[in-house]
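Just below is one structure, and these are the notes that go with it.
All of the numbers you see were taken from the coordinates with simple rules; none came from a lab. This is a predicted model, so every value here is computed, not measured. Here the Cβ positions follow ideal geometry from the backbone for every residue, glycine too, while neighbour counts run over all protein chains shown.
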Amino acid sequence: MYYKTAGESHGQGILALVENFPAGLEIDKSKIDAELRRRQGGYGRGGRQKIEADTVEILTGIWQGKSTGSPITLWIKNRDCRIDTAPEIMQPRPGHADLAGSIKYGLPIRPILERASARETAGRVAAGALAKQLLETHGMTVVGFVRSIGSLPLPTPTGNFSFDELLRRRDSSELYTIYPEHDTVLKSQIDEIGTAGDTVGGVVEVRVFGVPIGLGSHTQWDAKLDGKLAQAVMSIQAIKGVEIGLGFESAQRLGSAMHDPIGYDSTLEHSACQGFVRKTNNAGGIEGGMSNGQPIIIRAAMKPIPTLKKPLDSIDLRTKQSMPTIYERSDVCAVPAASVVVENVVAFTIASEINR
Ligand code: EPS
């Protein structure tokens, strides 16, 4: 199972084509729409989301409410469709695809930014929300949330939170964190940053519950589950770091304080872990490129969005003279939205492993 996306930020819309989705699954379109709605939300979003009201149209691959095994086409229409009249930009924005894309393809910046835009993630979320419905039939659940925004610390969640508890907490926070009591402080931080004409990034985390032992493989570099997840997540716009389990912190620990000792509990024989229990999950549910029956835990670092009200130094591509970047509008903070994108991208990657 795999997917591709197509579409431009201010073109007619965004499309996702999902191949090799199994036949016979009942598909609930409202679950895809709910994820699209969540992706548009979160405190700190810019003016664009007041224009768009994303819903999916399923163009192919579903018959009488069920998947047919044929390619599934998911279509999300853009309301702000003005690509042909949108102004040309001559100053590439530091941090964006503008400079490298324009030079590589020998094109003006406009067609580059239109495809590089994070609007494309609407397609990834639609594909992921479809894949989640396959995961559900295998008893797997996925939840994504915001771990931090900017430099403001949030408590570190313990490994003991259940899926339901994480979901309940996350859905009561305007910032999609699992500590809604910190929303006020985070919101005023975002307001201050926005007033200063700046943008802010953060860290998001995704946990997958009910993952059986043995997804992925140790046998080849491109069959490893951690490698597949890292590529899927790292390819999301503005993501600059990915870690699984303890991630970078594991480099500082001794082996005895890192690896998760193995125990056996026969009452769990019929669950995902087949009875093989761990007191800790520092490995984040993956050992040797394979799922080990523990929840998968993956984090991603999102850089601040490169479109800033406060201009940055750049060069006019025609004259090669110094010119500040120009600004139309942007998000001050899209970290909550990124948590939805990472959640759905992870869901798709795991679902592809059960349906190879
Ligand atoms: C984006 C620029 C902004 C964001 C956009 C990503 O769009 P606009 O230029 O129309 O204001 O809002 O994200 C989305 C449209 C979205 O749906 O997430 C960019 O340049 O990457």
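Points to keep in mind about this one:
- Computed over the chain, the per-residue total of -39500 (n - 2.57) for DSSP H runs of n ≥ 4 gives a 222 nm mean residue ellipticity of -8500 deg cm²/dmol, rounded to 500.
- Residues with amide H under 5 Å from that of ALA86, placed H, sequence gap 5 or more: none
- Fewest-first ranking of CYS81, CYS333, CYS273, using other Cβ atoms within 10 Å as the exposure measure: CYS81, CYS273, CYS333
- Taking TYR264, TYR3, TYR43 and counting other C-beta atoms within 10 Å, the order from fewest to most: TYR264, TYR43, TYR3
- Share of pairwise Cα separations in the range 2-351, more than 33 Å, in percent: 31
- Once the Cα atoms are used to define both axes, helix 29-40 deviates from the longest principal axis of the chain by about 60 degrees.
- Paramagnetic label reach from TYR327 (point 7 Å along Cα→Cβ; backbone nitrogen cut-off under 20 Å): within the range 126-151, residues 150-151.
- Fully extended contour minus Cα-Cα distance, from THR319 to ALA100, at 0.36 nm per residue: 77.1 nm
- Along the chain, longest interval not containing exposed GluC sites (Glu not before Pro), exposed being DSSP loop plus at most 12 other Cβ atoms within 10 Å: 89-268
- With a threshold of 20 Å on the Cα-Cα distance, the over-threshold entries among LYS4/LYS228; LYS240/LYS279; LYS224/LYS279; LYS77/LYS228 are LYS240/LYS279; LYS224/LYS279; LYS77/LYS228.
- In the range 191-283, trypsin sites (Lys or Arg not before Pro) in a DSSP loop with at most 10 other beta-carbon atoms within 10 Å: LYS279
- As a rough footprinting exposure proxy, the listed residues HIS218, HIS10, HIS270 were ranked by other beta carbons within 10 Å of their own, and the order from fewest upward is HIS270, HIS218, HIS10.
- Length gained when the stretch ALA257-LYS279 is fully extended (0.36 nm per residue, less Cα-Cα span): 6.7 nm
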